[in-house]
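These notes concern the structure reproduced below.
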Amino acid sequence: MRKIDKKEEKVIDASGRTLGRVASAAAIALSGKDRASFERHIYSGNPVRIVHASKLRISPEKLKSITHKRYSGYPGGFSEVSGPKILEKYGYSRIIEHAIYQMLPGNKLRREMMKHLMIEE
């Protein structure tokens, strides 16, 4: 019989930290790799709350290099949105969410892991 660990919310303060550091810490906690009970095929991570997202340290060059790509499946349906436009329309939370999404494993558990992510400006 497997012992079930209690899920405790992990709080990450983003003020003064870079995008990659915050995203990697959140991805590790969401996937459960910081726990002794980690199993690759079962969601065993903690819920993660990122606070002070608007105080994230990100350089203008890095912001320009961020792109969000989508394809609708139809001819001519490819769209690409740059980092400054994402920041202007959605704020820092969408940029952090996209970085964490790309760091998580691309399997069926990714969607479940992302449900346990909360970002506060």
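The values are calculated or read from the model by the stated rules, or taken from the named source; none is laboratory data. Computed from a predicted model, the values in this text were never measured in an experiment. Here the Cβ is made from the backbone with ideal geometry for all residues, glycine too, and neighbour counts use every protein chain on show.
Values as computed for the structure displayed
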| read-out | value |
| --- | --- |
| Tabulated pairs, the range 12-28, first of a type in the set (D, E, K, R), second not in a strand (DSSP E or B), C-beta under 8 angstrom, 6+ apart or interchain | Asp13/His52; Arg17/Leu56 |
| Qualifying residue in the range 69-87 (condition: touching a residue at least 40 places away in the same chain (Cβ under 8 Å), exposed (fewer than 13 other Cβ atoms within 10 Å of the Cβ) and over 14 Å from the mean Cα position of the chain (by Cα)) | no |
| Single residue of the range 72-121 satisfying the filter (in a helix (DSSP H, G or I) and of a type in the set (Asp, Glu)) that is farthest from Gly45 (Cα to Cα) | Glu88 |
| Only listed residue being surrounded by 15 or more Cβ atoms within 10 Å (Cβ to Cβ), at positive phi and touching a residue at least 12 places away in the same chain (Cβ under 8 Å), chosen from Gly32, Gly91, Gly45 | Gly32 |
| Search result, residues across the range 44-66 that are outside any helix (DSSP H, G or I), more than 15 Å from the chain's Cα centre (by Cα) and modelled with pLDDT of 90 or more | Arg57, Ile58, Ser59 |
